[in-house]
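Student: One structure is given below, represented as structure tokens, and several questions about it will come after.
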């Protein structure tokens, strides 16, 4: 779906990551794979379970090669019983292991959501700070391509609503590697929302990223591209769309500052506030539905902070259309924000034609 | 049935110039035979117990009975709020099982767990104070009746059935760490029909997890009798290919022996499903008088004919394992302990309101916690030390 032209544009976008001259290309898939591999090697307690993670090499090949390397004890194929295996994973975390529980897509996590929220997220608090739950729930989230309504929902808003969880939504390979390693090392339950369409995308990464101790902080956003006229905040796939829009806007003399949230919980308000105090205009972008979404939360936070007084115009949210995802290609395309939709929103917010 | 001592034997020992005499050990036949599912042989129907073990089990059952009575009273006085599910009548299950558990074994159950919490190391005061929501509670009052934890005891879970796969997960960790431990995963007849229970059975069997699934069948899931909730009420057979064992849950010795057998079994072979037939005197919870769906006669009959504590006491007395004086002494000590704990649970104070935002995360990265209004940011603090760091 992503054309080579746009991919090149995305790569050439200025990023605040320290760039090294001899950069290597790393796909998101390989970044996740090496994150899991490195953490399993580093800590005996880490294991991965889920449907098809072992002998199939992963439904999306994220766990490729791991079963061959670590065997049945640590890479475990489960039956199609999400509630059961998520519960088993949480129980294993109660008893001191560090499970990575894969949901083939987060749509299926709804079958197990009680274990994620009531057993994982709340136990540390209910036990008054004794039983912490060092588990990672990971898998693809949100819209893919042509998979229709039951397989396209974004769960960012639902999971980030709950205290006790940490929720990460990475964009590129650097995010994927650094944040998954951070999630696995984290002593609290983490929901790690990947994106199927980004798995195959390669991004240039520095040697630092390839290091086996490369960890990114959870809860800190990244400025992908600095700008001064408008702030665009997005997470996951929408970051790519935002960068495309920023390039188009640059051609019109509008410099957009694109913020990649990286984490939904904690949500990095400080970075957003600082940026908006500079640009005075804000557009949020997400693929999920509008009601009670990530953009809604960001709007609320701006309203409750003195940054509100720095706004020259109301905040606009660019979101998926408030309807279940249709299958037909043109309808599906019309249901998700494209670069042109973000450009349109920015122009409205800036009051330009 | 309680008079079934024809094959009981005891070793008598004269003491104190013949004024007192007691046995140091006795052997009993279990009150009702075990029922087996896919097992060639089952636990022994002959159980030996020493005087010390017997007195200890009696004390423990009596402590649970008294502490539950106190909990019920505290609830009626409105000092305990919300949910309060009493274990009165079911004591033999927890005490018998604990008697066979070793240091490395684990247990998880649902919400009828005040007794288990005490058996797993929390003082009576710690349990009652948790019920009254005070700082002396084992979860500092933050959990309440359904969320009590201690070493190797993973609660205390409020969502019916969720604890079953969690328990299989704890068993998974035992096997992974190769620590020789098992996990007892308890649930009721009401929970037994949950899909996740079967999911847990399935994976435990495939992966040969040292998990003992235990259905405490007290005949009722809230107000719905077993016959009305379950198409198959032979809960020990519900594991299908998993072997199963039916035990008379009112006979503490049968439970003890059955659990010993099960622990031995699962360490070698993988999971087993136990059904412990038991009975609860109270309603489902303190909000339920427990008489709209069953007759008072039924409750009375169990109290008079099958009470786990009375029947065990009689066995001890008959065989000379204990004297009336021994029993009186224990009863009085237990009463004293529970009375003191009750007083403490009433007089203790709650944790300060600042602890509302304590221990949400073991490693907080969120900064301040959003309070009731945007201008009220609360501090996240950490008090206890997380055990899984």
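Readers should treat all values here as calculations from the given coordinates under stated rules, not as data from a laboratory. Just so it is clear, the structure is predicted and the values come from calculations on it, not from any experiment. Using ideal geometry, Cβ is built from the backbone for each residue, glycine included, and neighbour counts are taken over all protein chains shown.
Student: By how many degrees, between 0 and 90 and to the nearest 10, does the Cα long axis of helix B:163-177 differ from the longest principal axis of chain B?
Tutor: 80 degrees
Student: Give the order of B:172, A:85, B:153, A:308 when sorted by the count of other beta carbons within 10 angstrom, beginning with the fewest.
Tutor: A:308, B:153, B:172, A:85
Student: Okay, moving on. Pick from A:288, A:164, A:253 the residue whose mean-square fluctuation is largest in a GNM of chain A, springs joining Cα atoms under 10 Å.
Tutor: Residue with maximal mean-square fluctuation among A:288, A:164, A:253: A:253.
Student: Okay, next question. Return the FRET efficiency for the residue pair residue B:81, residue B:53: r is the Cβ-Cβ distance, R0 is 41 Å, and the value is rounded to the nearest 0.05.
Tutor: The value I calculate is 0.60.
Student: I would also like to ask the following. Can you give me the Cα centroid spacing of the range A:273-308 and the range B:325-352 in angstrom?
Tutor: 56 Å
Student: The range B:177-221: percent of C-alpha pairs farther apart than 12 Å?
Tutor: When every Cα pair of the range B:177-221 is considered, 64 percent fall beyond 12 Å.
Student: If you restrict to DSSP beta bridges whose two residues both lie in chain B, what percentage is antiparallel, to the nearest 5?
Tutor: Of those bridges, close to 45 percent are antiparallel.
Student: Mind checking A:92-104 for the average number of partner chain beta-carbons within 10 Å of each residue's beta-carbon?
Tutor: 5
Student: Now for a separate question. If I model a spin label at residue B:293 and residue A:250 as a point 7 Å from the Cα along the Cα→Cβ vector, what separation in nanometres do I get?
Tutor: Each label point lies 7 Å from its Cα, and together they span 6.7 nm.
Student: In a Gaussian network model over chain B where Cα atoms closer than 10 Å are linked, find which of B:231, B:100, B:311 has the largest mean-square fluctuation.
Tutor: Judging by the Gaussian network model, the answer is B:231.
Student: For the range A:320-353 and the range B:364-378, what is the centre-to-centre distance using only Cα atoms, to the nearest Å?
Tutor: Using only Cα atoms, the two centres lie 34 Å from each other.
Student: Related question: Counting each pair of different Cα atoms once, what's the Kirkwood radius of the protein assembly as shown in Å, rounded to one decimal?
Tutor: 28.1 Å
Student: Which value results for Rg/Rh of chain A when Rg is the Cα radius of gyration and Rh the Kirkwood radius based on the inverse mean 1/r?
Tutor: Here Rg/Rh amounts to 0.96.
Student: Give me D for chain B in µm² s⁻¹, whole number, from Stokes-Einstein with Rh from the Kirkwood sum over alpha-carbon pairs, 10 °C and 1.306 mPa s.
Tutor: After rounding, the answer is 72 µm²/s.
Student: If you don't mind, there's one more thing I want to ask. What residue among A:136, A:233, A:62 shows peak mean-square fluctuation when chain A is described by a Gaussian network model with Cα springs under 10 Å?
Tutor: A:62
Student: Assuming a viscosity of 1.567 mPa s and a temperature of 4 °C, what translational diffusion coefficient in µm² per second does Stokes-Einstein assign to the range A:214-344, Rh being the Kirkwood radius over Cα pairs?
Tutor: Using the Kirkwood radius from Cα pairs, D works out to 87 µm²/s.
Student: Quick one: if you stick a label point 7 Å off each Cα along the C-beta vector at residue A:323 and residue A:292, how many nm between them?
Tutor: A separation of 2.3 nm, rounded to one decimal place.
Student: Inside 10 Å of the C-beta atoms of B:353-365, what's the mean count of C-beta atoms belonging to other chains?
Tutor: What the average comes to for B:353-365 is 6.
Student: As a footprinting exposure proxy, order B:74, A:193 by other Cβ within 10 Å, with the fewest listed first.
Tutor: Neighbour counts put them in this order, fewest first: B:74, A:193.
Student: Taking square-rooted eigenvalues a ≥ b ≥ c of the alpha carbon gyration tensor, is the range B:312-389 rounded, prolate or oblate, where a/c under 1.5 means rounded and, failing that, a/b exceeding b/c means prolate?
Tutor: In terms of gyration-tensor shape, prolate.
Student: Which value in deg cm²/dmol, rounded to the nearest 500, describes the helix-derived mean residue ellipticity at 222 nm for chain B, given -39,500 (n - 2.57) per DSSP H run of n ≥ 4 and division by the residue count?
Tutor: One gets -12000 deg cm²/dmol as the mean residue ellipticity at 222 nm.
Student: Measure nothing fancy, just the Cα-based angle from helix B:195-206's long axis to the longest principal axis of chain B, in degrees from 0 to 90, nearest 10.
Tutor: Orientation of helix B:195-206: about 70 degrees from the principal axis.
Student: Another question about this same structure. Could you work out the mean projected area of the convex hull around the alpha carbons of the range B:211-356, in square nanometres to one decimal?
Tutor: Spelled out: convex hull of the Cα atoms, projected over all directions, averaged, 13.7 nm².
Student: For the range B:153-180 and the range B:69-144, what is the centre-to-centre distance using only Cα atoms, to the nearest Å?
Tutor: Value for the Cα centre distance between the two parts: 18 Å.
Student: Also, I was wondering about something else. Once you average over the residues of A:114-124, how many Cβ atoms of partner chains fall within 10 Å of each Cβ?
Tutor: 4
Student: What is the distance, in nm, between label points placed 7 Å from the Cα along the Cα-to-Cβ direction at residue A:309 and at residue B:314?
Tutor: Computed distance between label sites residue A:309 and residue B:314 equals 8.2 nm.
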